[in-house]
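Below you'll find the structure, written out as structure tokens, and then a few comments.
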Amino acid sequence: MLLSIKTLVRIFIICFFLVSTRQAHCQTRLPAIIGSNMVLQQQELVLLWGWDTPGLEINLSASWLDAPLKGKCNDKGEWRIEVPTPKAGGPYNIAISGSEEIDLKNVLIGEVWLCSGQSNMEMPLKGWSGQPITGSEEAIALASYPEIRLFTVSRKPSFEPLDDCEGSWAECSPEQAGNFSATGYFFGLELYQKLGIPIGLIHSSWGGTPAEAWTSKEYISRIPFFQTFPGKCDPLEYRQKKLDAHQILQDEWLNSLGFLPDSDNPPEWVLPEYQDKYWEKIKVPSKWENTRMGRYTGMVEFRLTFKIPGKWSGKELQLELGPIDEIDITWVNGVKVGSHPNTYSWNTPRIYIIPEGVIRRGKNTLAVQVGNVSGAGGIFGETEQLRVFPIGEDNSFRVLKGKWKARKSKSYSAVIDMPNCRNCGEPNTPTTLFNGMINPLIPYRIKGAIWYQGESNRYDGKLYGTIFPNMIMNWRENWNQGDFPFYYVQIAPYTYRDDLSTGLLREAQHNTMNLSNTGMVVTMDIGDLVTIHPPNKEDVGKRLAYWALAKDYNNRIAYSGPLYKESKIEGNKIRIIFDHAGHGLKTDGSHLIHFQIAGRDKKFIPAQADIDGNTVLVYSPDIKNPAAVRFAWGSTDQTNLFNSFGLPAGPFRTDIWKD
């Protein structure tokens with residue numbers, strides 16, 4: 001029996017679809033972290049992994065191996081192959097064969113380090129607008145180091161662990177280095193110049209994020225503060241509780257400003273009969289800073305009288321006002337037609353429906369209450385975004401641009417402080433950055449990690465003393481390669497505009513060195529009181545490298561400044577004894593500063609301090625029986641105590657009193 005042409009065509013299409021579908025699901029795939037130009041950790045069994053057809057055999061050959069290696073996909077299509085690596089060198093090639101063949105070229109063997117944290121690690125070598133990096137132009141111009149390889153993980157928060165990320169390996173060049181972490185770059189450059197072998201740097205950071213965001217669900221659930229029910233943390237529920245609590249406070253704050261988006265009672269000034277002849281005339285659309293309003297944070301009330309064609313009378317209309325910075329309530333003829341009460345809606349175009357019967361023949365009154373928290377403020381969209389028209393007739397509209405009446409209402413300075421929803425964003429929520437930006441890198445073999453973070457955890461320095469070491473243990477357990485080196489930067493002096501204790505945060509960072517194979521870089525001498533992003537990243541990177549060179553590469557160099565060890569009361573003085581004092585302590589040539597002393601009344605006052613060999617004697621003529629000393633405990637304390645190698649002393653306190 002002969003098949004018709006139509007039937008044959010159908011069979012062909014079905015077969016083509018089945019083959020195409022099979023091919024689409026049977027592609028050999030590697031994670032982004034495994035690719036051409038990568039650096040593999042030398043003299044280790046490194047894991048290479050990927051995905052393919054369940055049950056399929058995977059073959060891997062490397063140009064330094066005598067024979068290929070084999071692996072097999074599990075029932076989820078996942079495969080892993082352990083690959084022994086030689087001493088540092090290269091370049092090499094790797095071929096991976098499964099459903100298809102993948103060739104990885106220009107692969108080096110050397111030392112691999114992870115660079116993570118918040119904005120001070122994220123800050124690129126080229127700097128940010130208005131926030132330069134010292135010496136960046138020269139550093140970028142000289143950054144042609146093909147044996148240094150760079151990989152940056154794209155920002156990606158997730159409430160579930162991801163198995164891949166976005167990013168690619170690249171040779172270090174001026175263009176690549178300029179966009180890479182400045183701290184990470186200077187760290188890697190110092191290693192490269194001292195060791196003379198390939199260096200791989202993996203950069204995964206996000207500004208303004210707390211350590212709990214970089215911690216897994218299993219580990220963050222161990223800390224009672226983050227538990228949403230006994231022994232467990234549900235990140236979504238945790239975040240929602242914070243948002244709900246913040247909304248209550250924000251509603252109270254908005255009410256104090258007279259901003260009442262849920263009220264059905266219109267204020268007098270929005271009614272058509274209200275007299276606004278003494279109000280200023282303001283161009284709309286525009287930002288306040290470009291008008292006589294100036295840079296103003298507070299509430300502004302707008303009114304506009306407009307006419308519509310008689311045939312629109314009584315119809316349902318659409319009102320469009322473009323974006324409003326930042327919150328608004330809008331009325332037409334005294335009837336509320338919509339609102340945006342959340343400050344994050346500052347760039348959202350306003351589109352409101354005017355119900356039937358609200359619009360009248362002749363004159364109509366549009367009233368908009370606008371609140372600006374920071375920045376420019378105003379009804380600031382494009383001219384064509386301000387219009388009104390009957391529903392379904394957007395080709396027939398009235399433009400609402402022009403001179404509107406406006407007046408300032410309550411300034412934010414006249415009411416209670418605006419509540420801050422601290423760490424409420426998705427990338428600030430526990431687990432989200434571990435899931436999206438660390439988990440995809442595991443189990444890529446690393447030598448160790450460097451970390452620059454802490455500013456976003458000042459809300460509870462004591463709590464950070466639990467979070468931070470837990471995060472380190474978390475990473476070490478998940479990488480399953482022992483207690484790999486973990487070196488980090490203590491936060492620098494800065495003029496914070498709050499009363500949170502920076503001293504407790506720095507103390508927590510210092511105490512984290514109780515974990516094995518950790519080290520801390522002190523930056524009390526190279527901070528910048530006017531920017532939270534100090535421009536001197538070269539010394540930060542080098543100081544991190546000193547720890548690695550001394551501890552992991554057997555370089556006989558000084559790697560730490562003086563760190564508090566113990567104290568002894570000697571009459572009316574207290575002697576401070578340090579580790580890492582070198583061949584003696586020194587200053588920058590001036591008297592020691594930022595020492596405080598207290599008696600049993602726990603009231604600290606400025607103290608005099610004298611270097612005595614490897615120790616410091618602290619005293620005050622006003623305190624005969626001293627009980628405790630604190631050094632560099634304030635947020636803005638820029639210090640001048642160093643060891644003989646020029647490395648700065650870290651902050652400390654001898655007491656355990658409540659801060």
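The values are calculated or read from the model by the stated rules, or taken from the named source; none is laboratory data. Small disclaimer: the values here were computed from a predicted structure and weren't measured. Methodologically, a virtual Cβ is constructed for each residue, glycine included, from the backbone with ideal geometry; neighbour enumeration extends over all protein chains shown. The accessibility values were calculated without ligands, DNA or RNA, using every heavy atom of the protein model including side chains. Shrake-Rupley method; radii C 1.70, N 1.55, O 1.52, S 1.80 Å.
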Discussion item. So for the stretch 10-18 (the condition being basic (Lys, Arg), at pLDDT below 95 and open to solvent by 40 Å² or more (accessible area, probe 1.4 Å)), does at least one residue qualify?
Written reply: yes
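Is it the case that residue 205 is over 27 Å from residue 541 (Cβ atoms) and touching a strand residue (DSSP E or B) at 6+ places or on another chain (Cβ under 6 Å)? Step through it out loud before you land on a result.
Numbers: over 27 Å from residue 541 (Cβ atoms): no; touching a strand residue (DSSP E or B) at 6+ places or on another chain (Cβ under 6 Å): yes.
So residue 205 does not fit the description; no.
With more than 17 Å from residue 487 (Cα to Cα) and touching a Pro at 6+ places or on another chain (Cβ under 8 Å) as the only criterion, which of 175, 160, 171 stands out?
Details: 175 fails: touching a Pro at 6+ places or on another chain (Cβ under 8 Å); 160 fails: touching a Pro at 6+ places or on another chain (Cβ under 8 Å).
The conditions single out 171.
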Response to the item:
Among (1) more than 19 Å from residue 170 (Cβ to Cβ); (2) touching a His at 6+ places or on another chain (Cβ under 7 Å), residue 71 falls short only on (2)
Response to the item:
Going through the stretch 121-171 in order, the residues found to be of a type in the set (Phe, Trp, Tyr) and farther than 28 Å from residue 29 by Cβ are 128, 145
Item to complete: Please state which one of 646, 650, 634 is free of Cβ contacts under 8 Å to residues at least 12 places away in the same chain and either open to solvent by less than 10 Å² (accessible area, probe 1.4 Å) or not basic (Lys, Arg) (or both).
Response: 646
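Can you tell me which residue in the stretch 218-240 is nearest to residue 90 (Cα to Cα), limited to those that are of a type in the set (A, V, I, L, M, F, W, C) and open to solvent by 20 Å² or more (accessible area, probe 1.4 Å)?
Quick first cut of the stretch 218-240, residues of a type in the set (A, V, I, L, M, F, W, C) only: 220, 223, 225-226, 229, 233, 236.
Add one more test, that the residue is open to solvent by 20 Å² or more (accessible area, probe 1.4 Å), and what stays is 225, 229, 236.
Numbers: 225: 48, 229: 52, 236: 46 Å.
Among residues in the stretch 218-240 that are of a type in the set (A, V, I, L, M, F, W, C) and open to solvent by 20 Å² or more (accessible area, probe 1.4 Å), the one nearest to residue 90 (Cα to Cα) is 236.
Name every residue in the stretch 616-641 that is assigned to a strand (DSSP E or B) and closer than 23 Å to residue 526 by Cβ, in order of residue number.
First pass over the stretch 616-641, keeping only residues assigned to a strand (DSSP E or B): 616-619, 628-631, 641.
Scanning the stretch 616-641 gives 616, 630, 631, 641.
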Worksheet item: Is it the case that some residue within the stretch 306-325 is free of Cβ contacts under 8 Å to residues at least 40 places away in the same chain and open to solvent by less than 20 Å² (accessible area, probe 1.4 Å)?
Response: no
Worksheet entry | Enumeration of residues in the stretch 264-303 that are out of contact with any Ser or Thr (no Cβ under 6 Å at 6 or more places or on another chain), assigned to a strand (DSSP E or B) and either open to solvent by 20 Å² or more (accessible area, probe 1.4 Å) or among the charged types (D, E, K, R) (or both) | 280, 281, 283, 303
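Considering 209, 215, 183, which residue is under 25 Å from residue 546 (Cβ atoms), open to solvent by less than 10 Å² (accessible area, probe 1.4 Å) and modelled with pLDDT of 95 or more?
Working: 209 fails: under 25 Å from residue 546 (Cβ atoms); 215 fails: under 25 Å from residue 546 (Cβ atoms).
On inspection, the qualifying residue turns out to be 183.
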Worksheet item: What residue, among those in the stretch 163-175 that are part of a loop (DSSP other than H, G, I, E, B) and of a type in the set (Gly, Ala, Ser), is most open to solvent (accessible area, probe 1.4 Å)?
Response: 168
Item to complete: Report, by residue number, each residue of the stretch 361-391 that is part of a loop (DSSP other than H, G, I, E, B), out of contact with any helix residue (DSSP H, G or I) (no Cβ under 6 Å at 6 or more places or on another chain), on the phi < 0 side of the Ramachandran plot and surrounded by fewer than 17 Cβ atoms within 10 Å (Cβ to Cβ).
Response: 374, 382, 391
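Taking only the stretch 228-263 into account, find how many residues are outside any loop (DSSP other than H, G, I, E, B), of a type in the set (D, E, K, R) and within 21 Å of residue 409 (Cβ to Cβ).
The initial filter retains those residues of the stretch 228-263 that are outside any loop (DSSP other than H, G, I, E, B), namely 229, 232, 235-256.
Next, only the ones that are of a type in the set (D, E, K, R) stay: 232, 237, 239, 241-242, 244, 251-252.
Subsequent filtering for residues that are within 21 Å of residue 409 (Cβ to Cβ) retains 251-252.
Within the stretch 228-263, residues that are outside any loop (DSSP other than H, G, I, E, B), of a type in the set (D, E, K, R) and within 21 Å of residue 409 (Cβ to Cβ) number 2.
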Worksheet item: So which residues in the stretch 192-216 are assigned to a loop (DSSP other than H, G, I, E, B), in contact (Cβ under 8 Å) with a residue 40 or more places away in the chain and more than 10 Å from the chain's Cα centre (by Cα)?
Response: 197, 198, 215, 216
Item to complete: Taking residue 483 as the residue in question, decide whether it is in contact with a strand residue (DSSP E or B) (Cβ under 9 Å, 6 or more places away or on another chain) and either buried (at least 18 other Cβ atoms within 10 Å of the Cβ) or not aliphatic (A, V, I, L, M) (or both).
Response: yes
Worksheet item: Residues of the stretch 404-435 being aliphatic (A, V, I, L, M) and open to solvent by less than 20 Å² (accessible area, probe 1.4 Å), which ones?
Response: 406, 433
Worksheet, complete the sentence: Over the stretch 595-615, the set of residues under 40 Å from the mean Cα position of the chain (by Cα), assigned to a strand (DSSP E or B) and of a type outside the set (Val, Ile, Thr) is 595, 596, 598, 606, 608, 609
Discussion item. Could you tell me how many of the residues in the stretch 326-348 are open to solvent by less than 20 Å² (accessible area, probe 1.4 Å), within 15 Å of residue 299 (Cβ to Cβ) and either out of contact with any strand residue (DSSP E or B) (no Cβ under 8 Å at 6 or more places or on another chain) or assigned to a strand (DSSP E or B) (or both)?
Written reply: 5
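Could you say which residue among 450, 438, 442 is touching a residue at least 24 places away in the same chain (Cβ under 8 Å) and open to solvent by 10 Å² or more (accessible area, probe 1.4 Å)?
Numbers: 450 fails: open to solvent by 10 Å² or more (accessible area, probe 1.4 Å); 438 fails: open to solvent by 10 Å² or more (accessible area, probe 1.4 Å).
Checking each option against the conditions leaves just 442.
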Worksheet item: Somewhere in the stretch 492-501, is a residue at pLDDT below 95 and of a type in the set (Phe, Trp, Tyr)?
Response: yes
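Table: residues versus (1) assigned to a strand (DSSP E or B); (2) at pLDDT 95 or above; (3) buried (at least 20 other Cβ atoms within 10 Å of the Cβ); (4) of a type outside the set (Ser, Thr, Tyr).
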{"position": "93", "(1), (2), (3), (4)": "yes, yes, no, yes"}
{"position": "96", "(1), (2), (3), (4)": "yes, yes, yes, yes"}
{"position": "99", "(1), (2), (3), (4)": "no, yes, no, no"}
{"position": "116", "(1), (2), (3), (4)": "yes, yes, yes, no"}
{"position": "120", "(1), (2), (3), (4)": "no, yes, yes, yes"}
{"position": "138", "(1), (2), (3), (4)": "no, yes, no, yes"}
Worksheet entry | Criterion violated by residue 480 - all others in (1) under 22 Å from residue 162 (Cα atoms); (2) touching a helix residue (DSSP H, G or I) at 6+ places or on another chain (Cβ under 9 Å) satisfied | (2)
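Name the strands (runs of 3 or more DSSP E) wholly within the stretch 486-581 that hold at least 3 residues that are open to solvent by less than 40 Å² (accessible area, probe 1.4 Å)? Break it down stepwise before answering.
Working: elements: 486-489, 518-521, 563-570, 573-579.
Passing ranges, in order: 486-489, 518-521, 573-579.
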Worksheet, complete the sentence: Of the candidates 178, 196, the one satisfying the condition of being farther than 19 Å from residue 449 by Cα, open to solvent by 30 Å² or more (accessible area, probe 1.4 Å) and at pLDDT 95 or above is 196
